[in-house]
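S.K.: Below is the structure I would like to discuss, written out as structure tokens.
The values are calculated or read from the model by the stated rules, or taken from the named source; none is laboratory data. The shown structure was predicted, so the numbers you read here are calculated from the model rather than taken from an experiment. Cβ placement follows ideal geometry from the backbone for every residue including glycine, while neighbour counts extend to all protein chains displayed.
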Amino acid sequence: MADYRQIHTQIWKDAWFFELEAAEKLLFIYLFSNERANITGLYDLHKKIIAFESGLSMSDIDKGLQHFEESGKVYYKDGWIWIPNFIKYNSASLNSDKIRTHIISFLNKTADTALKARCIDYFNENVDEEYRIDTLSIPYQDVSPEQEQEQEQEQEQEQDNVRVFFEELARSWKNYYPEGKREYGYDTVKTKIAARYKNKGFKENWMEALRKSRNIKSLQHDDWFSFEWFIRNNENYHKLLDGTFAFKNNPNGKGEVQLKQPPQKRTVVPIAPKILEEGTKLPSMEVTE
């Protein structure tokens, strides 16, 4: 699915959403926008991954999921998430051959679960008869306990790899900036670290970007330039790699950059050694600052 999801701005005016606690709001938006979500609203997602990527505690996750299910918004069972209204918010019309084909494609790859059956029933109830899905045509895939365990191990291995990546980053940062530049604990930045870990450009170039930062003298005394700034997004390291940028102090602490302006030409008139006759033109020359 695309790397973006639609979240309507009206959600902030929705009475049900308005009454949610802050942690529940974060969890609800996360379930709509994480990379596993697809057009069916049905996908596998373990609570450990939710906690790792969102930063929420397990108790907040359990509380939120229970609340969502009681409200009929989100259902969680045996490691699977189903958001009934997801498809409505991510397609112009359910009565579409294209939408139907996409849904069948995802369902073909989805293990046979109780939530899968409910997802199909929900879709069929909300489309015209000609667009309904024949459940007999969907080849259910049984997932063995061994396969589920293998999937969990792969997800846990990815978490371990991200942690190792963080430790390498933090160690290199401390080597370059042993004093005066703030460091952050893993729990504080793990979501950003996970995102940088998935970015090929950052993984291949972060060390060179860090090395070049030492050659920019103004950075050594700028408070906004920190480890958190370095890993904040997939653009900041480019600003260090790109030699055409000159950094400037930013009182807002966001580390904005300013493009160096090319040399500008101006006309300089030599000082006349004596008063010239009226109408005499002075010679001029161009100089580069």
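S.K.: Out of the residues in the range 62-87 meeting the condition of being of a type in the set (Asp, Glu) and part of a helix (DSSP H, G or I), tell me which one is farthest from the chain's Cα centre (by Cα).
M.R.: The residue in question is 70.
S.K.: Out of all the residues in the range 178-193, which are within 16 Å of residue 233 (Cα to Cα) and either of a type in the set (Lys, Arg) or modelled with pLDDT of 85 or more (or both)?
M.R.: If the condition is that a residue be within 16 Å of residue 233 (Cα to Cα) and either of a type in the set (Lys, Arg) or modelled with pLDDT of 85 or more (or both), then 190, 192, 193 are the ones that fit.
S.K.: Return the pairs, sorted by first residue and then second, in which the second residue is of a type in the set (Phe, Trp, Tyr) and surrounded by fewer than 15 Cβ atoms within 10 Å (Cβ to Cβ), the first residue lies in the range 154-166 and is without any contact (Cβ under 8 Å) to a residue 40 or more places away in the chain, the beta carbons are less than 6 Å apart, and the residues are 6+ apart or on different chains.
M.R.: If the second residue must be of a type in the set (Phe, Trp, Tyr) and surrounded by fewer than 15 Cβ atoms within 10 Å (Cβ to Cβ), the pairs left are 166/186.
Condition check ((1) among the acidic types (Asp, Glu); (2) surrounded by 19 or more Cβ atoms within 10 Å (Cβ to Cβ); (3) not assigned by TED's automatic domain parsing to the domain that holds residue 116) across all residues:
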residue: 19; (1), (2), (3): yes, no, no
residue: 39; (1), (2), (3): no, no, no
residue: 50; (1), (2), (3): no, yes, no
residue: 58; (1), (2), (3): no, no, no
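S.K.: On the basis of being loosely packed, with under 13 Cβ neighbours inside 10 Å, under 26 Å from residue 46 (Cα atoms) and at pLDDT 75 or above, does residue 175 make the cut? Please lay out each step first, then the result.
M.R.: Values: loosely packed, with under 13 Cβ neighbours inside 10 Å: yes; under 26 Å from residue 46 (Cα atoms): no; at pLDDT 75 or above: yes.
In short, no.
S.K.: Moving to a separate point now. Within 29 Å of the chain's Cα centre (by Cα) and assigned to a loop (DSSP other than H, G, I, E, B), is that true of residue 94?
M.R.: Here the answer is yes, as residue 94 does meet what is asked.
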